[in-house]
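Step one of this worksheet: look at the structure below.
The values are calculated or read from the model by the stated rules, or taken from the named source; none is laboratory data. Remember, it's a predicted structure, so these values are computed and weren't measured experimentally. Please note: Cβ atoms are built from the backbone with ideal geometry, for glycine as well, and neighbour counts cover all protein chains shown. These accessible areas exclude ligands, DNA and RNA; they are computed on the full protein's heavy atoms, side chains included. Shrake-Rupley method; radii C 1.70, N 1.55, O 1.52, S 1.80 Å.
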Amino acid sequence: VPRAIYFQPHKPLRGSSFMYDAVMIAAMGKCQEALLGNETNSDSTNSFVRAIEGLSFTGATGAVEFQENPRYTRNRNRDSVTYGVYNFRAENHTLKHYLTDIITNGSVNGIITELSDGPFQFANGTSTPPDLLHDLPNQNYIWKSVKISGLLFTSFCLFTNLLCAMLVSCYSKKTPIREAQPCFLYLLLSGSAAKVISVFLHRFDESSSAVNACNLSKLCNTSPLLSTLGFIMTQTALLSKLFIIKKQKKISAIDYSLTTLCGLVMLSMIAFSIFFTLKGGGFIWMRSTIDEERGHSCGSCKKNGSKLHIITLAILSAILLICMAYMAFDIKSDKQCADARWIFYTILSHLQIFIITIPLFAMEADCSSFHYLILSILISLENTITMILMFVPKMYNIFFSGNFQLSDSVWTVNLSDLHFDDPREVIGRGTFGSVQLAEYRGTSVAVKRVIPPRSTP
């Protein structure tokens with residue numbers, strides 16, 4: 001219970017305004033609990049706390065309300081607090097204090113209003129602030145030049161993705177696009193775009209007045225999920241097309257096993273990412289002091305076990321890429337399916353960039369522009385290589401190969417691709433031959449066998 005001296009009208013003690021609001025919170029919370037008492041059957045402690053959390057009124061320290069964000073339900077909204085700036089001045093050998101300014105709408109980027117006792121006077125007796133005795137603390141914000149470079153990289157990638165999507169839509173009936181199956185191409189483009197956007201979210205920090213720690217925490221949770229989803233979408237498109245090509249060529253038991261393993265790995269990556277992000281409230285944007293003497297600090301996404309999360313996803317990604325590269329290796333020389341070669345080289349490039357990424361991120365510091373710059377370059381490089389390998393050959397065949405006449409090799413059937421039952425099943429006979437049932441690249445076909453003419457004496 002506060003002492004009565006806290007509520008003196010003439011000379012209240014320091015902190016009395018917060019004490020006053022605390023008493024009001026307790027009293028109003030109790031009244032609110034009594035009003036809602038008939039509607040709830042929970043214990044009194046929880047109902048009292050919930051009543052306090054639902055309060056919203058204007059007190060001596062400013063607007064009082066709780067539930068600043070869903071993860072911290074009992075925090076008071078800091079931007080609603082009114083702050084006072086007190087100026088201590090020596091007058092006639094007596095130290096006096098004056099309320100010169102008040103700050104509303106937050107202490108960082110709030111509105112400063114000068115009062116009648118202002119302006120604030122410094123030790124030299126003027127309102128001009130003295131020169132700093134040392135440099136301002138380095139907050140390690142991302143350099144402006146790095147932000148511009150990253151923005152150019154991501155803009156270029158998104159533009160090329162949009163251009164490729166428009167080309168697929170406009171020429172979907174052309175043979176190169178139709179044979180590549182537009183649905184897989186759209187999925188590939190969507191996955192690449194998701195990864196690029198996830199990198200773009202890394203460029204934000206407190207240097208922008210419109211972004212606060214709460215918004216940065218949301219970006220911390222959105223970016224890894226978007227990156228994982230984009231990776232899964234990209235590899236799903238490549239794996240699906242790879243499986244169809246394999247099935248046309250009599251898929252083996254090893255290929256079935258590897259395809260199943262790849263699918264399980266991708267599902268595990270999605271489930272693990274969602275579980276880790278949601279467990280314990282997800283990532284939090286935190287600013288850590290790296291030099292206490294100079295006050296230097298850095299901001300980054302923090303969460304217990306984040307290193308284990310990254311290592312686990314890296315291992316699963318490596319397994320997926322190696323299995324897909326193995327599946328694509330034995331069909332890269334298939335002349336009857338041009339996509340097979342480009343899929344192999346695309347997967348191989350993804351694996352190479354993944355290998356390059358590991359030591360680079362092991363060496364970088366958490367609090368520098370190096371992370372964002374390298375991430376932008378690598379994702380842009382991967383996106384550009386994917387677009388070149390998977391779309392440029394198709395565009396070349398459409399625009400620079402006349403009307404895209406099929407080569408003779410497309411119409412040539414390799415006898416090794418025909419598989420007959422033993423004994424061969426005859427489904428028809430004629431004067432000059434028989435029609436037999438066979439399987440060609442996973443599809444049942446009819447094969448006509450010509451009976452050679454009898455030789456005449």
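Listed values, structure above:
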| read-out | value |
| --- | --- |
| Surface accessible to a 1.4 Å probe, per residue, for the residues of region 220-365, Å² | 52 Å² |
| Ranked packing of 300-309, 192-201, 115-124, most packed first, by mean Cβ within 10 Å | 192-201, 300-309, 115-124 |
| Descending semi-axes in Å of region 144-286, equivalent ellipsoid built from Cα gyration tensor | 34, 23, 9 |
| DSSP-assigned coil residues among trypsin sites (Lys or Arg not before Pro) in region 136-188, each with at most 15 further Cβ atoms within 10 Å | Lys173 |
| Alpha-carbon radius of gyration plus Dmax, which is the widest Cα pair, for region 113-214 in Å | 25.6, 82 |
| Residues Ile315 and Phe120, FRET efficiency given R0 of 45 Å [Cβ-Cβ distance, rounded to 0.05] | 0.20 |
| With DNA, RNA and ligands ignored, accessible area of His350 (1.4 Å probe; Å², nearest 10) | 10 Å² |
| With all protein chains modelled, accessible area of Ile358 [1.4 Å, Å²] | 90 Å² |
| Accessible-area composition of region 188-254, carbon plus sulfur, in percent [1.4 Å probe] | 65 percent |
